[in-house]
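The values are calculated or read from the model by the stated rules, or taken from the named source; none is laboratory data. In this text the structure is predicted, and so the values were computed from the model without any measurement. Positions of Cβ are generated from backbone atoms using ideal geometry, with glycine treated the same way; all protein chains shown enter the neighbour counts.
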Amino acid sequence: MSQSPSLARPRKLKHVGIVGAGMAGLYAAYRLKLSSYPGIVVSLYELDGRVGGRVKTYHFTSEKDQYFEAGAMRIPSTQMHQPTFDLINFSKTPITPTSILYLIISPPPTITSTRAGSSSCVLTKSHSVPTWNLLDGHNQSLISPETMCSQTNQFALSFSELIMQNLDFDTKQWFTLEEGMDRLPQALAGVVGMNNITFGARVQKIEQNGDGVTICADTPRGRVEKTFDKVILAIPPSALRMIPERPRWDYRKEQAIRAMFYEALYKIGLRFKTRFWEHVEPPSLGGQSMTDLPIRWIVYPSNGIGSEGPGVLLLYSWNTDASVWSSIPFSERLKNSLCHLSKVFPSVDIYNQFIAAEDLAWSEHNPTGDAMFLPGQLSEYFDIARRKEGDVYFAGEHLSRHHTWITGAIDSARSTAEEVIRDFAFKRIPTGWIPRTGTEPSDHYDPEAHRMEVIKSGLENIKNNREEFEKSVLLNSL
Ligand SMILES: Cc1cc2nc3c(=O)[nH]c(=O)nc-3n(C[C@H](O)[C@H](O)[C@H](O)COP(=O)(O)OP(=O)(O)OC[C@H]3O[C@@H](n4cnc5c(N)ncnc54)[C@H](O)[C@@H]3O)c2cc1C
């Protein structure tokens, strides 16, 4: 005989603590909290005073289009990024098509040829070597694509990272969120419940004990301490490493936490009296320009094209090109940016146009940048870095195979949340365990298998159409 609801034995609540309210922490919370098992309670601890982590929109004023993306800014329209689009659809955040059309601008980069000497060896050698080793004897020809692709020393990274990025940046159709990418984490936080997030909380201690895992965090209202059944650490390795009191795990895990490579990223947003870039010859209506000047990329806003009044330009650099900005104070960064922009737009009085600026050198903040592994790191650290330790679990962009994108953070959080549910020994992970929107990715979506599939087909393309590939790598690869 079935029990009436009022007589049913109450299920013992399971408490999960999540450190970090970036996309990974929020998505893990969303998956756990909205499971059809009402027995999971989540609490998030976030260092910052806002959600989103590396999804961060800076608004100069509250007027329309007066912002720039200091973090994530666009999403390529491919299957690999479907989880991000699914989440956007679910949160009903409006999107705008954006463009990353590449325009090489004057003064011209020091490139005379857009073709490398040879890339025929790429299919036959190990992937776990710096990419420039794959192009023996063609170092000079590699400097050119590096310059064009605006990441100095990019070819020191792992070959498979570069293939992945090339596949992403080869995408023709891109989208961004109207009025700022940070609307996505904010929408997610609304679903998770703002009252479940403790802001300004720097987690200082993690301790596994008989009852579960205890977290201690310093908050504006003093130290808080709570014990959870399970804890998910959704923070970058640099942040994890700097938690003063935490367990020391397997030496290979500790090595992974120390070594997983992050590239520096620098962005400065500049507000001008007019959208002058839309009125020069040739006009830039969205898209971006590249130069070998220190400013490297000029990103033209896709929002508000053709509108009157002030507009915001973004300058963006990566890797070694980003690191140089950290070495000078903000006043010098601004001087440098305006000076170089004047060279690019000689017909515009940049200084007269200028209103305000704001910047973010990610290397000065706890994530330090985005994960871009060095040769061999993916095979060496991927499994061990993700592996749970007792009741402590790990999530984040760096633990996915799709680094540097929101989709990676989502993929990783999704599999970690499912692992937590499995380990609570609930009888099943129901297929309908989140509100069905018709847009959620299939529960069987396997990002790892997908990445390998994409790389395989990318390599197949190279083989079949080397000419085309060389052209696209040289023009579009990051
Ligand atoms: C400049 C830039 C451009 C990018 N461009 C794009 C793009 O165009 N498209 C795209 O899809 N992706 C882009 N990305 C990547 C994307 O933003 C990230 O992959 C994703 O947001 C990472 O999410 P995460 O949750 O793994 O990490 P994070 O966003 O870093 O979240 C970690 C959170 O943990 C918190 N935290 C850290 N330490 C502690 C502690 N001790 N206690 C409590 N909390 C702590 C942090 O404050 C942060 O909120 C970009 C990133 C950057 C930096």
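Evaluated against (1) at pLDDT 95 or above; (2) within 16 Å of the chain's Cα centre (by Cα), residue 387 falls short on exactly one condition, (2). Residue pairs whose Cβ atoms lie under 7 Å apart, separated by 6 or more positions or on different chains, with the first residue in the stretch 61-77 and in a strand (DSSP E or B) and the second among the acidic types (Asp, Glu), are 76/168. Scanning the stretch 387-427 for residues that are touching a Leu at 6+ places or on another chain (Cβ under 6 Å) and over 16 Å from residue 40 (Cα atoms) turns up 394, 412. Pairs are defined by a Cβ separation below 7 Å, a sequence spacing of at least 6 or placement on different chains, a first member in the stretch 216-227 that is closer than 16 Å to residue 245 by Cα, and a second member that is of a type outside the set (A, V, I, L, M, F, W, C) and not in a strand (DSSP E or B); the pairs so defined are 227/211. The set of residues in the stretch 300-332 that are more than 16 Å from the ligand (Cβ to nearest atom), on the phi > 0 side of the Ramachandran plot and in contact with a strand residue (DSSP E or B) (Cβ under 8 Å, 6 or more places away or on another chain) contains only 304.
Within the stretch 248-263, residues that are farther than 15 Å from residue 394 by Cβ have Cβ atoms under 7 Å from residues that are of a type in the set (Ser, Thr, Tyr) and surrounded by fewer than 20 Cβ atoms within 10 Å (Cβ to Cβ) in these pairs: 262/238; 262/368, counting only partners at least 6 apart in sequence or on another chain.
Look at the stretch 156-175: where a residue is part of a loop (DSSP other than H, G, I, E, B) and charged (D, E, K, R) and a partner is crowded, with 18+ Cβ neighbours inside 10 Å and modelled with pLDDT under 85, sitting 6+ places away or on another chain with Cβ atoms under 6 Å, you get 170/476. From the list 228, 155, the one residue that fits, being more than 19 Å from residue 49 (Cβ to Cβ), modelled with pLDDT under 95 and aromatic (Phe, Trp, Tyr), is 155. With the condition kept exactly as written, say whether any residue in the stretch 203-220 is of a type in the set (D, E, K, R), surrounded by 18 or more Cβ atoms within 10 Å (Cβ to Cβ) and touching a Gly at 6+ places or on another chain (Cβ under 9 Å). The answer is no; no qualifying residue exists. Screening residue 179 with (1) part of a loop (DSSP other than H, G, I, E, B); (2) of a type in the set (Asp, Glu); (3) free of Cβ contacts under 8 Å to residues at least 40 places away in the same chain gives one miss only, at (3). Criterion applied to 270, 240 was being in the same structural domain as residue 32 (by TED's automatic domain parsing) and modelled with pLDDT of 95 or more, and the one residue passing it is 240. Reported count of residues in the stretch 227-278, each being closer than 24 Å to residue 402 by Cβ and touching a His at 6+ places or on another chain (Cβ under 7 Å), is 3. Entry remark, the stretch 221-240: residues being within 10 Å of the ligand (Cβ to nearest atom) and either among the aliphatic types (A, V, I, L, M) or farther than 13 Å from residue 394 by Cα (or both) number 6 in total.
For the stretch 194-203, the criterion of being at positive phi and either within 11 Å of the ligand (Cβ to nearest atom) or not assigned by TED's automatic domain parsing to the domain that holds residue 26 (or both) is satisfied by at least one residue. Exactly one condition in (1) assigned by TED's automatic domain parsing to the domain that holds residue 87; (2) away from the ligand (no atom under 11 Å from the Cβ) is not met by residue 168; state its number. With respect to (1) assigned by TED's automatic domain parsing to the domain that holds residue 87; (2) away from the ligand (no atom under 11 Å from the Cβ), residue 168 is out only on (2). Of all residues being in a strand (DSSP E or B) and under 14 Å from the mean Cα position of the chain (by Cα) in the stretch 39-60, which is surrounded by the fewest Cβ atoms within 10 Å (Cβ to Cβ)? Just the residue, please. The residue in question is 57. Those helices (runs of 4 or more DSSP H) of the stretch 333-430 in which at least 2 residues are surrounded by 18 or more Cβ atoms within 10 Å (Cβ to Cβ), more than 10 Å from the ligand (Cβ to nearest atom) and in the same structural domain as residue 234 (by TED's automatic domain parsing), considering only elements entirely within it, cover 377-386, 406-423. Within the stretch 100-108, does at least one residue satisfy the condition of being assigned to a loop (DSSP other than H, G, I, E, B), at pLDDT below 85 and surrounded by 15 or more Cβ atoms within 10 Å (Cβ to Cβ)? There is at least one residue in the stretch 100-108 that is assigned to a loop (DSSP other than H, G, I, E, B), at pLDDT below 85 and surrounded by 15 or more Cβ atoms within 10 Å (Cβ to Cβ).
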